[in-house]
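The values are calculated or read from the model by the stated rules, or taken from the named source; none is laboratory data. Only a predicted model underlies this, so the values are computations on that prediction, with no experimental measurement involved. Cβ sites come from the backbone with ideal geometry, for glycine too, and all protein chains shown count toward neighbours. With ligands, DNA and RNA removed, areas are computed over all heavy atoms of the protein, side chains included. Shrake-Rupley method; radii C 1.70, N 1.55, O 1.52, S 1.80 Å.
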Amino acid sequence: QLWVKILAKFRSFIIFSPEKLEISGVEYCSILPTDKEYIRKYIEGYYSRYHKELHHKVVEALVNRTEHLKTDKKEWLDVALYWILNLGKDDFKMISDMPQPNEEDKIESYFIELVNGFSDDICQMMKELVKKSEEVFGSSISEALNYIATSRFGLRDSDLELLLDSDWDYINFSRFRMWFAPFLKESYGDKRWNF
């Protein structure tokens, strides 16, 4: 809020927030995070960035799950959407094993089961996402994540190379960075990675 106050002196803002901010120079648009239409538009916007679309029943399942969460609605939704977007070979095997007669119904049923099976706890979901990434990239990814998470200003690729030694794989980590792109950010102009 302090930064917005300072920046509002030089720029005009439109802020979408569940709480009203009394700051001059800021236009306030009230959108509650529990509003179903807002959640629906957020999901559509998220997937349109990747030129994809979710079946309306899956969107409804996500909306209903998000609406009843106590906290961390946006964070939970970000992880859930990212999870669905990045299915692995095990997911595709499970889709093909679904009992429905046609492919579209199999995919829809699997996604709805997946959404309903997600934990309400954002920390638990992130742990499961890390576990899933280990299956794709190997166990050194968990170590890399731990080093990044505990670093104060983030780590460069060369820092991770020193820390992980023989487990380090530059190409693997580049793929991992793309995989975790919504959760990692590059800062300081010298390619330090942090959450």
Please determine whether any residue of the range 11-23 is open to solvent by 50 Å² or more (accessible area, probe 1.4 Å), at pLDDT 85 or above and charged (D, E, K, R).
no
Flag if Asp165 is of a type in the set (D, E, K, R), farther than 21 Å from Asp91 by Cα, in a helix (DSSP H, G or I) and modelled with pLDDT of 80 or more
no
Considering only helices (runs of 4 or more DSSP H) fully contained in the range 63-128, which possess at least 2 residues that are surrounded by fewer than 18 Cβ atoms within 10 Å (Cβ to Cβ) and among the polar types (S, T, N, Q)?
103-117
Checking Ser151 against (1) of a type in the set (Ser, Thr, Tyr); (2) more than 22 Å from Leu69 (Cβ to Cβ); (3) out of contact with any strand residue (DSSP E or B) (no Cβ under 9 Å at 6 or more places or on another chain), which test does it fail?
(3)
Give the range 112-127 a look and list any residue that's under 13 Å from the mean Cα position of the chain (by Cα) and free of Cβ contacts under 8 Å to residues at least 12 places away in the same chain, or say none.
Cys123, Lys127
Here's a check for you: in the range 153-185, which residue that is touching a residue at least 40 places away in the same chain (Cβ under 8 Å) and more than 18 Å from the chain's Cα centre (by Cα) is most open to solvent (accessible area, probe 1.4 Å)?
Phe153
Being among the aliphatic types (A, V, I, L, M) and over 16 Å from Lys132 (Cβ atoms) is the filter; apply it to the range 92-122 and report the residue that is modelled with the highest pLDDT.
Ile112
Condition check for Lys41: assigned to a helix (DSSP H, G or I), open to solvent by 60 Å² or more (accessible area, probe 1.4 Å), more than 19 Å from Leu129 (Cβ to Cβ) and of a type in the set (Lys, Arg)
yes
